[in-house]
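The values are calculated or read from the model by the stated rules, or taken from the named source; none is laboratory data. For clarity, every value in this text was computed on a predicted model and none was experimentally measured. Note that each Cβ is placed from the backbone with ideal geometry, even for glycine, and that neighbours are counted across all protein chains shown. Surface accessibility is based on the protein's heavy atoms, side chains included, excluding ligands, DNA and RNA. Shrake-Rupley method; radii C 1.70, N 1.55, O 1.52, S 1.80 Å.
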Amino acid sequence: MYNKSNAAIKSYFVFFISIILLCFNGNITQAAPFECFAVSDLVRVFDDGYNCPNPQESLEIFGIRNEHVSAQCVIKANQDLQNVTVSLSRLKHISLSTSLPANALEWNFVGSIPIEENTPKYRKTDLIRAAPARFPDYLSEDSEVFVKKGNYKAVYLTIKIPRDAEAGDYKGAVTIKTDKANISLPVHLIVYPLTLPDDRHLMITEWMTTGNFRKFHDIDTSDSERFYEMLRLYAENMAEHRQNVFRVSLGLIISKQDADGSLKFVFSKFDKWADIFWDTGRMDLLETGFVARFGEGGWSSSKILLGDFRIQEHSSGRSVTIPGEKFLPQFLPALENHLREKGWLEKTVFHIADEPSNHNVTSWREASQFVHRYAPALRRMDAIETPHCFDRLEIWVPKLDHLATWYDVYKEAQSRGNELWFYTVGIFQKGSYPNKTADVALIESRILHWLNYRFGLKGYLHWGFNHWTDDPFEAPGQHRGDGWHVYPKKDGLLCSLRWEQMRNGIQDYEYFWMLEDKIAQIKAGLGENLSMIDPSRRPVEIASRVVRTMSDFSRNPQVLYAAKKQVVDELLDLDRSPGLIVQTNPMEHSAVANDCAIDLHGWAEPGTRIRVNGRELPVSQDGLFMENVSLSRDHTIVVEAEHEKGRKKIVRSFEVLY
C-alpha cells in the first residue's frame, strides 16, 4: 500500500513539473519583444543597460507655467527591433476640456559618445562608469532607430508648459512603436498655479565660436546671409536655454588711420552681431574685450602684456599692427562712447585677459588699470585663478575649485560690492566638485545652479558652447564633451543632455528667487521690528538639502525633486492664511550641540496664536514672535499657527552632534 501510494505521488509530481515546464517554455516563446519603463530624467541610460535605474510604471512630472520640464523612458529590447519610433498623445487636463498644444511636447532618442579614458583627477565614486565605454550625451534627430536584442534605448521628453496653461493634472501617453509590437506608457503632469518669470536673475554665459561654421554647417564666409541666419539660430538656442550673456569679439570693429594719424572706428559689424542676440529679447549682458595676453611661455608666463592691434594705414591702405599702448588710448574712449550711444554701456562687461594667476596677477592689475583709465565706465570681468585682484575688477569669476579653497577671500571681495560668479573647466578642475564631462553624473550639470543660489553667486561662465573636435560624435577628445553643450548638424544644432539639465538648473534657481521675492514682498509691508527677516534664508535652507557644501552634494534625483517640490509648496502656502514666516539661527539641518538654544524668530498674520514645541509664545501687534528654543527629542522645532481663517504647522529639523 505504501509503495503504490508513493508511486502515485511520483507520477503526479512528474506530471505537475511537466506542466510547469510547458508553461514556462510557452512564456519564453510568448515573451514580449520589448519592455518600456520610466526612469528619472537626471540619469544616463547606457545602451548595454549598465547600472540601469529601477523601472517605474509611469512618467510622473511636475512644473509651473512658462517652464520646460523633462522626462525619460527606456526601451529594453528582448528581440531585435526594427523601425522603432515614438508618438506622444496630447496631454489632457483631467478636469477641464483643455489640453497642452501638440507642439509643447517633443521627444528624442538619446545618442552616445565614446570615452576611452575617464576624466582625470577624480575619485572613482565621482564617475558614473569606468572607461572605455559609450556615454549617453546628445539628443538625436533620428525619428526611427534599430535596437539590437539585449540593448537599451533611452527616449528623452521635453515639455514646454505654456504661460497660459491651466493649473492642475494632465494625463497622456508615450507610445513606443516597433515592427513587433506597440507599448504605451502613461504620462502624468502636474502644473502648479505659479509662473516662471521671463526675466532672468542668474547671469549665464557659454562661449561660442564661428570658426567651425565651414566644416559643420558648410558656410564659407562670415559675412553672408546664411552666416547670419545660422548665428540667429545659435542665439535663439542659447536664449531658449536661458543663457542671457553673449560674447562679441572686438575684432569685428574696423580700425582706420586718418591723415593726421588719429584713429577712426567702424562698429557696424560689431553692432550687427550684437543686434542678433539682443533681438532674441532675452539677453541681459554683452561680453567683450580681451585686450591683454600672456607673455612668453603662455599661461605660465610671469607677465600679462597689452596686445597688439591691426589698423588700416591711411597712406598705403595696408593692414599694419600697432601696440596696445598706442591703440587703446584712442580705441577705449571711442568704444565706451559708442556703447553709451547704443544704450548698451551699462549692459556690457569687459575682459582684460583670461585666467590670470598669482604668478602674473601683478602685471594683470597694471593692464586692468590701464583699461580703466581710458574707459572708466566699463565694468571689468575675468575668469581668474587668483584671489589678489584688489580693486581692479568688478566681476570676479574664479574656477570652482579655487572658489571653494579660497572662499573667505572671495566672500570678502563680494562684501566690498564686487559681483561674484564662478566657472568650471572639466579636465582642469581639481577636487570632487560638480562638473560637466560626459562621464560624471548628469545631475551635476543641474546642481551647478543650485550651488549658484546656495552661495549667492550671481553668474556662471563656461568656455564651451560649441568648441567641437573634428568628430564630436565619435572622437570627443581630451575634454570628454566638456568643450560643447550642443552637437552640430548641417542646418543647425542638436542639444545635449547636459544642456537640457543646465536649463533645468537655471529654472530651479528661479524657483528659489521666486520664494525669496515672495518673502521680500511680505517683509516690505512690515515694520522695523521685522528687519531681521532675511528673504533668502528659507530658499538657501532648501537648496542646502541638495548642495550642503561645494563638494558635498546629493546625486540622488529624488532628493533634488523633493527639494524643488518643497519650494512650490512653500510659495503656495505663503498665499494661504494665516500668513507665517519662520526663521532660525542656525539654519535648518545645521549640526548643533545637544540641548543648545536655537534662535527662533518670525512673523505671523495679526490675530494668530503661535505655539512652539507645545508652548505658546507671545505675538506682538505687528506679528513679531521670537524666542530661544530647545530642540524636541526628535531634534525638531514645531511651530503651530492658529487663526480664525485656518491653521498651519511648520517643522524645522536639525542634526545633533552628541
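Every test in (1) of a type outside the set (Lys, Arg); (2) open to solvent by 60 Å² or more (accessible area, probe 1.4 Å); (3) under 21 Å from residue 266 (Cα atoms); (4) modelled with pLDDT of 95 or more is passed by residue 359 save one, and that test is (3). Just to be sure I understand, how many residues within segment 565-587 are more than 25 Å from residue 527 (Cα to Cα), in contact with a helix residue (DSSP H, G or I) (Cβ under 7 Å, 6 or more places away or on another chain) and either part of a loop (DSSP other than H, G, I, E, B) or open to solvent by 10 Å² or more (accessible area, probe 1.4 Å) (or both)? Total meeting the criteria: 1.
Can you name the residue in segment 47-63 that is touching a residue at least 60 places away in the same chain (Cβ under 8 Å) and over 18 Å from residue 107 (Cα atoms) and, of all such residues, is least open to solvent (accessible area, probe 1.4 Å)? Only one residue fits best here, namely 49. For segment 142-165, the candidate set comprises residues that are in contact with a strand residue (DSSP E or B) (Cβ under 6 Å, 6 or more places away or on another chain) and of a type in the set (Asp, Glu); within that set, the residue that is least open to solvent (accessible area, probe 1.4 Å) is 142. Given the criteria within 27 Å of the chain's Cα centre (by Cα), open to solvent by less than 20 Å² (accessible area, probe 1.4 Å) and modelled with pLDDT of 95 or more, does residue 176 qualify? In short, no. Taking the criterion of being surrounded by fewer than 17 Cβ atoms within 10 Å (Cβ to Cβ) and in a strand (DSSP E or B), the residues of segment 277-313 that qualify are 308, 310, 312. Evaluating residue 399 against the criteria (1) open to solvent by less than 40 Å² (accessible area, probe 1.4 Å); (2) among the basic types (Lys, Arg); (3) under 27 Å from residue 281 (Cα atoms) leaves one unmet condition, (3). Taken over segment 402-425, the criterion of being open to solvent by less than 10 Å² (accessible area, probe 1.4 Å), in contact (Cβ under 8 Å) with a residue 40 or more places away in the chain and part of a helix (DSSP H, G or I) is satisfied by 403 alone. The set of residues in segment 482-506 being open to solvent by less than 20 Å² (accessible area, probe 1.4 Å), out of contact with any Lys or Arg (no Cβ under 7 Å at 6 or more places or on another chain) and in a loop (DSSP other than H, G, I, E, B) consists of 483 alone. The single condition from (1) within 14 Å of residue 204 (Cβ to Cβ); (2) part of a loop (DSSP other than H, G, I, E, B) that residue 261 fails is (1).
Considering segment 426-437, and only residues there that are outside any helix (DSSP H, G or I) and more than 15 Å from the chain's Cα centre (by Cα), the residue that is surrounded by the fewest Cβ atoms within 10 Å (Cβ to Cβ) turns out to be 430. Residue 200 satisfies every condition listed in (1) basic (Lys, Arg); (2) part of a loop (DSSP other than H, G, I, E, B); (3) more than 24 Å from the chain's Cα centre (by Cα) except (3).
Quick check: anything in segment 209-221 at pLDDT 95 or above, in a loop (DSSP other than H, G, I, E, B), crowded, with 18+ Cβ neighbours inside 10 Å and of a type in the set (Ser, Thr, Tyr)? No. The C-beta contact set for segment 301-320 (first residue without any contact (Cβ under 8 Å) to a residue 60 or more places away in the chain and closer than 28 Å to residue 382 by Cα, second residue surrounded by fewer than 17 Cβ atoms within 10 Å (Cβ to Cβ) and among the hydroxyl-bearing types (Ser, Thr, Tyr), distance under 8 angstrom, 6+ apart or interchain) comprises 308/321; 309/321; 310/319; 310/321; 311/319; 311/321. You will find that of 474, 444, the residue that is open to solvent by 10 Å² or more (accessible area, probe 1.4 Å) and acidic (Asp, Glu) is 474 and no other. Here is the figure for segment 223-258: residues that are under 29 Å from the mean Cα position of the chain (by Cα), of a type in the set (A, V, I, L, M, F, W, C) and part of a strand (DSSP E or B) total 2. What are the residues in segment 50-99 that are under 25 Å from the mean Cα position of the chain (by Cα), of a type outside the set (S, T, N, Q) and under 23 Å from residue 572 (Cα atoms), if any? 60, 61, 62, 63, 64, 65, 67, 68, 69 - these are the residues of segment 50-99 that are under 25 Å from the mean Cα position of the chain (by Cα), of a type outside the set (S, T, N, Q) and under 23 Å from residue 572 (Cα atoms). A Cβ distance below 9 Å, combined with a sequence gap of six or more or placement on separate chains, defines the contacts here; from segment 260-276, residues that are in contact (Cβ under 8 Å) with a residue 12 or more places away in the chain and open to solvent by less than 30 Å² (accessible area, probe 1.4 Å) reach residues that are among the aromatic types (Phe, Trp, Tyr) and part of a helix (DSSP H, G or I) in the pairs 263/327; 263/331; 273/228; 276/228; 276/234. If you go through segment 588-611 and keep only what is farther than 19 Å from residue 645 by Cα and open to solvent by 40 Å² or more (accessible area, probe 1.4 Å), you end up with 589, 591, 594, 595, 597, 599.
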